[in-house]
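Structure first, commentary second.
No lab work stands behind these numbers, since they all come straight from the coordinates. Remember, it's a predicted structure, so these values are computed and weren't measured experimentally. Note that we place each Cβ from the backbone using ideal geometry, even for glycine, and neighbour counts take in every protein chain shown.
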Amino acid sequence: MVEPGDREVAGQRLGIPESLGVSTLEPGQRPPTTPPGRQVSIRVQLLDDVTEVFDISQRAPAKALFDLVCVHLNLAERDYFGLQYQNPRRMMVWLDLLKPTLKQIRRPKNTILRFVVKFFPPDHTQLLEELTRYLFALQIKHDLACGRLTCNATSAALLVSHIVQSEIGDFDEVQSFQHLLHNKYMPNQDALMDKITEYHHKHVGQTPAESDYQLLEMARRLEMYGVRLHPAKDREGTKLSLAVSHIGLLVFQGHTKINAFNWSKVRKLSFKRKRFLIKLRPDLNSAYQDTLEFVMASRDCCKTFWKICVEYHAFFRLFEEPKPKAKAVLFTRGSSFRFSGRTQKQVFDYVKDSEFQKVPFESSNGHQPSPINAHSCPLSSPLFTDAGYVRTDDEDEVRRKKCPTDKAYFIAKELLTTERTFLKDLAVITVWFQAVLGKEDILPDSVRTLINTNYDPVYQLHQAFLKEVEQRLQEGRSNAHIKGDYQRVGDVMLKNIQGLKQLTSLLQRHGEVLVELERSCRASQRLQELCREFEQQKVCYLSLNMFLLRPLHRLLHYKLILERLCKHYPPTHQDFRDSRAALADISEMVLQLQGTMMKMENIQKLLELKKDLTGIQDLAIPGREFIRLGCLSKLSGKGLQQRMFFLFSDSLVYTSRGMTADNQFKVHGQLPLYGMTIRESEDEWGVPHSFTLFGQHQSVVVAASCVSEMVKWMEDIRMAVVLVEQSNRPSTDLLSTKSPEEGGVEAESEEELSASRSSLERQSAQRGNTTVHVCWHRNTSVSMVDFSVAVENQLSGNLLRKFKNSNGWQKLWVVFTNFSLFFYKSHQDDYPLASLPLLGYSLTVPAETENIQKDYVFKLHFKSHVYYFRSESQYTFQRSVPLATCCVEKHGG
């Protein structure tokens, strides 16, 4: 590395007093001398896909080759770049600049090295020269094309639009369309052609340099910016990926970042064979063990990733010390500098032959911006979509001050956000499921007609309703200073509910669809397999039967929203009359459909439980009702053993989790409720929270996890016993085979029990994350009443999420349903990125010692897992907290 005192460095050449830790080589200077000897030709592929040949000595270190490439490119800020090649094991590895090239590349004639960006700075304004930013823009273009830089459709279209603007200039409809047809900048580009051209049309007057700047400005806000994933597994065998960035080590599951370990938290990095070890400072991250272990594909993979971590840490330590604010000037790049068809080599030849002047960067409006430093930029960034990046705290404070503060606005916004989710759920049946069934003609015509005629009209009605609500709130936001303008949504709801009243006969038949589809699955093994396969798709994030009942559940949501709206409005309000009329209509519909709704919810729950149980006959028989499910410890000769209990209106069934592919629960026994008695037995057996069930043929001693759980179970069992005796109907046998003797049942191996208690993260199949499995892992219970309450309280909207040891807040679209939070990048995404089951969690407000210092924040925690969520207003905070409290405290004990 050349010291600043030896000669003028590139930073000084640009008029900057300090180089910010970037070593440079002056463009006109000769490269260092290389050892004598026979010359070898090495091929290097540059970032514009042009391949150049460089001759070096056989004994020359790799740095000599790297310097030749940088001199050829006239590149000053070279420390951000590196050379990659594929080793004999087909792994992409970095060329070690301190070792001879030919000792690393055994067959130089058959090897092509790639010149790529190696280190991605946290802020691209740290790059001093425009040429460096141009190379970074080319790297972003490569990452986007190969699918490494993943993002939502809106962000991808905006990125491509800036690339097209820099390639061909201002928008021309024919030229832009032809260019996109012949150039693929990202996977599935054809589906986004209209959106790309729409954004491209907005970039008129933007120079190529401005486009590069905007491209980097947007890319750095994406989660996958500069990330290169290295496949690994954790100790439990879960497939993960490791990556490294300027902040530290990152852990991904798929393309979703699930954890980050800052360099300050890492005490030591090491590798042993295929195991990569991260030793943490125990006092800084109590949620994890002192040493984390990841298994990689091979020892070479492990060693390569360890080297990358060391290099990243060493490189970005240069930026840790505070530096004085830099006043940089940029080279301007006119239309002659880059245009369609010109290669990178031609560009660099033009740069070498031209005499560039140090002039400030002028924006398209002709005004000269302020000098660049680490906190300002010469160009104003476009408004990024909510899904594309995470707003800073200051941006959110300004945004909050500009938003309407009236409660009616947030009630209307809740209507909008939940309607978006509801329409997505309807599309699961009307679009996604129909597409799957269309591939194989195995669904009976009667059932197909039943689905089409009962769901398509409802879907179309709600599509029109959503557009009206969006338009009403958009007009209100732009006219928020006019009192009451944005509050009037009662008339829109009244119109939609009157339309729904005309479809009441269809809504009543939605339960019939559920039953007929189940009958068809019983008659056709292939149809049953097809439905199971569809439930494994990401878009079907709940049980398929849940989506069939969504239109009935939506009526309950409308009723609650209108009740809050009418309670808020004074009788003199201009929207009060329409809101009251809409509430009266929807209350009448709910009352009319309540019987159908309760019956179908019970059938749906029985059908869902049938998938989770093995060794049992048909659950969904007429007259049987589901009451409660959850964990209890059963006392046997070997002591207390965890069991899953299912309480129905005629029987109590106990199970343990089996070792099937879907981790179904294996039935151990059945206790008929007819003639059963129950009493507390803590004093008798010396087991806390225990009670004894006395049946006609056997008695069972069980223990709950806490007093509240014991009370809930005893109350529900007593109620069920009274009802079954009033009906005077003995219990039917649920078991498909005779239950083995109790001694044989309890002889289950400890290995099976310990395997069944493994963490939720081990479940790769979606069936492994159902309510039953969550209750098993969290040692809690849920009743049918709880399910009904949860259905009424579904919520959707944006929340800011923060992990226990992270610094920033991540903005996510969050859907609460089925006792879980589902996280999306935006409401436009078709399926969630991740989910958080809330059963067993506790909800509190952060203490002062936690140093959150933000408004409207609530905290969810279970054992060592801690999450903070931040709402946008007092109303959304109050809507979130009681909702989560209802879910958590009632079931968490």
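What whole-number distance in Å separates the alpha-carbon centres of the range 56-103 and the range 447-475?
Between the Cα centre of the range 56-103 and that of the range 447-475, the gap is 59 Å.
As an exercise, identify the trypsin sites (Lys or Arg not before Pro) in the range 165-208 lying in DSSP coil whose Cβ has no more than 15 other Cβ atoms within 10 Å.
Listed in order of number, the matching sites are LYS184, LYS202.
Considering all projection directions equally, how large on average is the shadow of the alpha-carbon convex hull of the range 523-590, in square nanometres?
Its average projected convex-hull area is 6.7 nm².
Quick check: from the Cα gyration tensor, does the range 794-892 come out rounded (a/c under 1.5), prolate or oblate?
Note, shape of the range 794-892 comes out rounded.
Would you work out the relative contact order for the range 150-245, in percent, from Cα pairs under 8 angstrom that are 6 or more residues apart?
32
Which log10 I(q)/I(0) values, to two decimals, does the range 407-594 give at q = 0.08, 0.11, 0.14, 0.16 Å⁻¹ under the Debye formula with one point per Cα?
Values returned for q = 0.08, 0.11, 0.14, 0.16 Å⁻¹ are -0.31, -0.54, -0.80, -0.96.
PRE reach from ALA297 (point 7 Å along Cα→Cβ): which of the range 241-257 fall under 18 Å by backbone N?
241-244, 252-255
Let me check against my output: what whole-number percent is the relative contact order of the range 105-201, with C-alpha pairs under 8 Å and at least 6 apart?
Values: 56 pairs, mean separation 29.4, N = 97.
The value is 30 percent.
Around ASP830, under 9 Å between beta carbons, what's the net of Lys plus Arg minus Asp minus Glu among the other residues?
+1
Relative to the Cα centre, what is the charge dipole magnitude of the range 160-273, using +1 at the beta carbon of each Lys and Arg, -1 at the beta carbon of each Asp and Glu, and rounding to the nearest 20 debye?
Roughly 1480 debye, rounded to the nearest 20.
Which distance in nm do the two modelled labels at SER41 and LEU229 give, with both placed 7 Å along the Cα-to-Cβ direction?
Once both label points are built, they end up 3.9 nm from each other.
Show me the GluC sites (Glu not before Pro) within the range 568-665 that DSSP assigns to loop and that have at most 15 other Cβ atoms within 10 Å of their Cβ.
Sparse-neighbourhood loop GluC sites (Glu not before Pro): none present.
Please tell me which of these pairs span more than 31 angstrom C-alpha to C-alpha: LYS413/LYS538; LYS567/LYS712; LYS605/LYS863; LYS712/LYS854; LYS567/LYS804; LYS265/LYS863?
Beyond 31 Å: LYS567/LYS712; LYS712/LYS854; LYS567/LYS804.
As an exercise, use a Förster radius of 35 Å and the Cβ-Cβ distance of SER835 and ASN183 to find the FRET efficiency, rounded to the nearest 0.05.
0.40
Evaluate the range 134-184: find the radius of gyration of its Cα atoms, find its Kirkwood radius, and give the ratio Rg to Rh.
A ratio of 0.96.
If I stretch the segment between HIS246 and GLN86 completely, what's the gain in nm (0.36 nm per residue apart, minus their alpha carbon distance), one decimal? Could you put the intermediate results ahead of the total?
On the way: separation 160, 0.36 × 160 = 57.60 nm, distance 2.48 nm.
Residue separation times 0.36 nm, minus the Cα-Cα distance, leaves 55.1 nm.
Under a crude label model (7 Å from the Cα following the beta-carbon direction), how far is LYS501 from GLN874 in nanometres?
With each label placed 7 Å out from Cα toward Cβ, I get 3.6 nm.
For the range 505-616, give the magnitude of the charge dipole about the Cα centre (Cβ charges: +1 Lys/Arg, -1 Asp/Glu; no others), in debye to the nearest 20.
Computed charge dipole of the range 505-616: roughly 100 debye.
In what order do SER781, SER270 fall by count of nearby beta-carbon atoms within 10 Å, going from fewest to most?
The order, fewest Cβ neighbours first, is SER270, SER781.
Binned at 5 Å from 0, what are the whole-percent values of the Cα-Cα distance distribution for the range 483-631, short to long?
Final binned percentages: 1, 8, 15, 16, 14, 12, 10, 8, 6, 4, 2, 1, 0.
Give me the distance in nm between label points sitting 7 Å out from Cα along the Cα-to-Cβ direction at VAL711 and GLU470, one decimal.
With each label placed 7 Å out from Cα toward Cβ, I get 4.8 nm.
Can you give me the long-range amide H partners of LEU549? Hydrogens built in the peptide plane at 1.01 Å from N, cutoff under 5 Å, separation of 5 or more residues or another chain.
Under 5 Å from the amide H of LEU549 lies no amide H from a residue far enough along the sequence or on another chain.
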